[in-house]
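Chemist: First the structure, which I've put down as structure tokens, then a few questions once you've had a look.
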Amino acid sequence: MALSHFTTPRWIFKAFLLLAAAIWGLGTVVIKDIVDAVPPAWLVTIRFFFAGIILAAFILPRLRRRLDASHLRVGALLGVILFFEYWLNSLGLTDTTASKSAFLTSCYCVLVPFLGWLFLRRRPTRFNVMAALVCVVGVGFISLSSADTLTLGFGDGITLVSALFVALEVITVARFASTHDILVLTCVQFFVAGLLGFGGALAVEPMPDFARLAPGVWAGLAYLAAGASCVTIVLQNTGLAHVEPAQGSLLLATESVFGTAFAIMLLGDALTLQLVIGFALVFCAIVISEYVPLRRAQKEAGRG
């Protein structure tokens, strides 16, 4: 079962989502470099199959106790979504820039409130929609340079489709987390995504020459499997199990903020006015989503 809403403060789960976004932000450049050496389906196979092994080793007694037909079905559904989400995103990166990919992927936070309305019967508030739109604009300021255009090529279109699967994952976790063990679901999700990646790789992609991969590529693959897959998706799914989907998707969309901040701190990238505006807009989006509805509810309660 999911962790209790009453035993753990809600802000802990929001912090999980922000931490996941930070780890992804640190690994954005890693993925862009690796897809030049490892084709997308092979990349999905390696990162999620080994992520599944790592997680299974940590939760093996729990897995033995709680794995049943329902967990297999829901975990398999999440695995299918995860496969298409990451395969399409990696495929898109072969034909677009990392900055445009980050911007286009962030569009999922606009889709989540409406998919939640469709599948969960949770009507989005105007604050949800406003916050998502402001966030996407902010990510655009952060990710896109003056050299980027908003014309959509093949890679851009594929990346937008991957954003739809990100939104579907957020909604699916929200739908089933309260009745299932989220760590068991995540473990099944990893193995299913890895198996689908392996099938797709054998069908349509040449096998990489693993013996000739550079040490830096192997280090990147290890980071993707352990850090940017196992740790982050466990944090993501655990957080989404306890946070409203619209709010959760907004917190995860801060990935581009963290990625740019790390580039400024660690790589010496310049802090420009455009980045400051982008950071400010993303911060405003979080305020709109988190603080404004709370203040309004408090005022209405006071009047009541």
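Chemist: For the chain, what is the accessible area per residue in Å² when the probe is 1.4 Å? Show your work: numbers first, answer last.
Modeler: Values: 14290 Å² over 304 residues.
Here the residues of the chain average 47 Å² of exposed surface.
Chemist: Still on this structure: Using all alpha carbons of region 200-292, what is the percent of pairwise distances in each 10 Å bin, ordered from the shortest bin to the longest?
Modeler: Going from the shortest bin to the longest, the percentages are 12, 28, 30, 22, 8, 0.
Chemist: Assign one of three labels to region 82-146, namely rounded, prolate or oblate, based on the Cα gyration tensor with a ≥ b ≥ c the square roots of its eigenvalues; rounded applies when a/c is under 1.5, prolate when it is not and a/b is larger than b/c, and oblate otherwise. Please report the intermediate quantities before stating the final value.
Modeler: Working: a/c = 5.14, a/b = 1.42, b/c = 3.63.
Here region 82-146 falls in the oblate category.
Chemist: Viscosity 1.306 mPa s, temperature 10 °C: give me the Stokes-Einstein translational D for region 13-88 in µm²/s, with Rh taken as the Kirkwood radius over C-alpha pairs. All intermediate terms of the calculation are to be shown ahead of the outcome.
Modeler: On the way: Rh = 14.5 Å.
Estimated diffusion coefficient is 109 µm²/s.
Chemist: Let me ask something else. State the percentage of accessible surface on the chain attributable to carbon and sulfur atoms; use a 1.4 Å probe and exclude ligands, DNA and RNA. Before the final figure, lay out the partial values.
Modeler: On the way: 10150 of 14290 Å².
The computed percentage sits at 71.
Chemist: In whole Å and largest first, what semi-axes does the C-alpha gyration tensor of region 168-224 yield when each eigenvalue is scaled by 5 and square-rooted?
Modeler: On the way: eigenvalues 190, 46, 16 Å².
Semi-axes, largest first: 31, 15, 9 Å.
Chemist: Something else: In square nanometres and to one decimal, what's the mean projected area of the convex hull around the Cα atoms of region 36-172?
Modeler: 10.3
Chemist: Report the Cα-based extents of the chain along its three principal axes, largest first, to the nearest Å.
Modeler: Over the chain, Cα extents along the principal axes are 69, 53, 33 Å.
Chemist: While we're here: Where q = 0.19 Å⁻¹, what log10 of I(q)/I(0) comes from the Debye formula for region 102-258, counting one point per Cα?
Modeler: These q points yield log10 I(q)/I(0) values of -1.33.
The values are calculated or read from the model by the stated rules, or taken from the named source; none is laboratory data. Just so we're clear, the structure is a prediction, and the values are computed from it rather than from any experiment. Ligands, DNA and RNA are excluded from the accessible area calculation, which covers all protein heavy atoms including side chains. Shrake-Rupley method; radii C 1.70, N 1.55, O 1.52, S 1.80 Å.
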